[in-house]
Amino acid sequence: TTIANLALRLFDVESGRVLLDGNDIRTLTQGSLRQQFGVVSQDPMLMHRSIRDNIAYGKPGSSEDEIIEAAKRASAHEFIMGVADQRGRK
């Protein structure tokens, strides 16, 4: 957590330095740093919306095919379809 917070400049280094490709991160903007990192929380969290909306959250305007492909790549499509089938039978 500390390394991630330092790398994203959520707080600055108090002593020493953190280098990214040989550059002191204090010389880089937060925006440029955040474009270089992806963060995946260890605690899965869903917004209080549909699974479709949760998947599409990372890319607003996603097509239905893109959302399905993302679910497949996350190995979630089969599970989602199973839940949908069970709800349809009730």
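Readers should treat all values here as calculations from the given coordinates under stated rules, not as data from a laboratory. Because the structure is a prediction, the values reported are computed rather than measured. Using ideal geometry, Cβ is built from the backbone for each residue, glycine included, and neighbour counts are taken over all protein chains shown.
Side notes on the structure shown:
- Filtered residues of the range 53-75 (kept if surrounded by 14 or more Cβ atoms within 10 Å (Cβ to Cβ) and part of a loop (DSSP other than H, G, I, E, B)): 62
- Within the range 4-16, the set of residues being free of Cβ contacts under 8 Å to residues at least 12 places away in the same chain and either within 18 Å of the chain's Cα centre (by Cα) or closer than 11 Å to residue 34 by Cα (or both) comprises 5, 10.
- Considering residues of the range 8-18 that are touching a helix residue (DSSP H, G or I) at 6+ places or on another chain (Cβ under 7 Å) and of a type outside the set (Asp, Glu) only, the residue surrounded by the most Cβ atoms within 10 Å (Cβ to Cβ): 9
- Any hit, the range 42-49, residues being over 29 Å from residue 4 (Cα atoms), polar (S, T, N, Q) and free of Cβ contacts under 8 Å to residues at least 40 places away in the same chain: no
- Within the range 19-30, tally of residues that are surrounded by 10 or more Cβ atoms within 10 Å (Cβ to Cβ) and not in a helix (DSSP H, G or I): 5
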